[in-house]
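Asker: After the structure tokens below, expect a handful of questions from me.
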Amino acid sequence: MDYTKVEEIKDSIIIRDIKNFDLTHIFECGQCFRWKRIASDNYIGVAYNKVIELEKKGQDLTIYNSNLRDFNLIWKSYFDLDREYNSIKDSLSEDQLLKKAVEFGHGIRILTQEPFELIISFIISSNNRIPMIKKVIDNICTRFGERLQYKGEIYYGFPSIDKLHLVTLEELKACSAGFRAKYIYETCKAIYENKSSIDSILGLTDDACHVELQKLSGIGPKVADCIMLFSMSKYSAFPVDVWVKRAMQNFYLAPEVSLKGIRIYGRDKFGALAGFAQQYLFYYTRENNIKV
DNA sequence: TGCCAGGAAAAGA
DNA sequence: TCTTTTCCTGGC
């Protein structure tokens, strides 16, 4: 457990002595798209149809617009607070490059986000840049999500499958999804018609989950790895995007090794902690703009 | 204007 | 099975 205690104080909760927790590291490491930076120690975002505001002061984290019930039900697992990141970091730091990456992104935590939201979000991420991904997701939420309020501002939750499967291909295109609109449309249909049940995918082993996710339209190896890592607690996933590819080819492998080969090597090298290793590597190489 | 970034699907070898 | 081409959008 990476905190000592939780207190509820009128519409907010305070988590004391929180360890391995940095808002910037968590929200800027490419795993989520719906958090808005107010300041380095202050973010507002929407998850599980709730708006919350986070503020980190010293070693304490305050979650505004929440309560103890939601903390136990949602936020404790969302922020992966029961996990001791020190042991993960110590283990990964035996590798010299990883040691640097871990020091750089010392406050990263892997979130447990909503699987359906992540399936759609990472379909949108394919061949797409982060600002554009955020814009498309925002368009979808604004048009089809539940309307929420906080401090007089309007926010929108991510639409449920019950809502999104009714949306037409044209409406999805109008959200600037481009060629991915068709993938979203088809995947929503498949999930809604229960050809592919999210709950049953959740129960699979990591390898079976990776295979099963790729049966959905618009999901290949990288997107499947992201979904299982960021929403299904399957930590042997090793998403290989252009940044991780650069890092791996630069520091561990020959330049001609394929994406598939890089994934196999990463999972073999880092085992059950591959997903954590990938996150530290991704954040380190992207923030430092390490290319070649 | 043209070119680039960014993964999956479909076509080709 | 592996490799190449096409898809869409915003920014330079």
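Asker: I need the shape label for the stretch A:170-292. Rule: rounded when a/c is under 1.5, else prolate if a/b > b/c, else oblate, with a, b, c from the alpha carbon gyration tensor.
Answerer: On the way: a/c = 2.41, a/b = 1.49, b/c = 1.61.
It comes out oblate by the Cα gyration axes.
Asker: At 0.36 nm per residue, minus the direct Cα-Cα distance, what do residue A:168 and residue A:130 gain on full extension? Give it in nm, one decimal, please.
Answerer: Full extension of this stretch gives 11.2 nm more.
Asker: Bin by bin, in steps of 5 Å, what percent of the Cα pairs in chain A do you find, going until the bin that has the longest distance?
Answerer: All Cα pairs, binned at 5 Å, distribute as 1, 5, 12, 16, 18, 17, 14, 10, 5, 1, 0, 0 percent.
Asker: Same structure again: Per residue, what volume in Å³ does the convex hull of the Cα atoms of the stretch A:102-168 enclose?
Answerer: Hull volume normalised by residue count: 141 Å³.
Asker: Working out 0.36 nm times the residue gap between residue A:254 and residue A:87, then minus their Cα-Cα distance, what length gain in nm do you get to one decimal?
Answerer: 57.1 nm
Asker: Averaged over all directions, how much area does the convex hull of the C-alpha atoms of the stretch A:115-231 cover when projected, in nm²?
Answerer: Its average projected convex-hull area is 7.3 nm².
Asker: What is the P(r) of the stretch A:1-91, as percent of Cα-Cα pairs per 10 Å bin from 0?
Answerer: Histogramming the stretch A:1-91 at 10 Å steps yields 16, 54, 28, 2 percent.
Asker: What percentages make up the Cα-Cα pair-distance distribution of the stretch A:242-287 when the bins are 10 Å wide from 0?
Answerer: Calculated P(r), rounded to whole percents: 29, 60, 10.
Asker: In the stretch A:176-243, what GluC sites (Glu not before Pro) fall in a loop by DSSP, with at most 16 other Cβ atoms inside 10 Å? Show your work: numbers first, answer last.
Answerer: Working: sites: A:186, A:193, A:212; in loops: A:193.
Sites meeting the loop and neighbour criteria: A:193.
Asker: I would also like to ask the following. What is the fewest-to-most order of A:234, A:10 by other Cβ atoms lying within 10 Å of their Cβ?
Answerer: Values: A:234 22, A:10 5.
Lowest count first: A:10, A:234.
Asker: So how strong a dipole does chain A carry about its Cα centre when Lys and Arg Cβ are +1 and Asp and Glu Cβ are -1, to the nearest 20 debye?
Answerer: 780 debye
Asker: Let me ask something else. Within the stretch A:34-71, report the chymotrypsin sites (Phe, Trp or Tyr not before Pro) that DSSP leaves as loop and that have at most 16 other Cβ atoms within 10 Å.
Answerer: A:48
Asker: So which lysines can residue A:195 reach, going by Cα to Cα under 25 Å and dropping same-chain residues fewer than 8 places off?
Answerer: Within the straight-line cut-off, residue A:195 pairs with A:163, A:173, A:182, A:215, A:222, A:234.
Asker: For each of A:232, A:248, count neighbouring Cβ atoms within 10 Å of the residue's Cβ, then give the residues from fewest to most. Present the calculation step by step, with values, prior to reporting the outcome.
Answerer: On the way: A:232 21, A:248 24.
Ascending number of Cβ neighbours within 10 Å: A:232, A:248.
Asker: Now, a different point. Given A:58, A:78, A:92, which one lies farthest toward the positive end of the charge dipole of the stretch A:40-95, if we put +1 on the Cβ of every Lys and Arg and -1 on the Cβ of every Asp and Glu?
Answerer: Toward the positive end, the furthest listed residue is A:78.
Asker: From a point 7 Å beyond the Cα of residue A:215 in the direction of its Cβ, which residues of the stretch A:164-198 have a backbone N at a distance under 19 Å?
Answerer: So the set is A:183-198.
Asker: Right, here's the next one. Counting other beta carbons within 10 Å of each residue's own, what order do A:236, A:77 fall into, fewest first?
Answerer: Numbers: A:236 20, A:77 15.
Going from sparsest to densest Cβ surroundings: A:77, A:236.
Asker: Please identify every one of the GluC sites (Glu not before Pro) in the stretch A:11-104 that sits in a loop by DSSP and has no more than 15 other beta carbons within 10 Å of its own beta carbon.
Answerer: On the way: sites: A:28, A:53, A:55, A:84, A:94, A:103; in loops: A:28, A:84, A:94.
Here the GluC sites (Glu not before Pro) that fit, given the DSSP loop and packing criteria, are A:84, A:94.
Asker: Which whole-number percent is the relative contact order of chain A (Cα, under 8 Å, 6+ apart)?
Answerer: Over chain A, the number comes to 17 percent.
Since every read-out is calculated from the coordinates, none of them should be taken as a lab result. In this text, all values refer to a predicted model and were calculated from it rather than measured experimentally. No Cβ is skipped: glycine too gets one built from the backbone with ideal geometry, and neighbour counts run over all protein chains shown.
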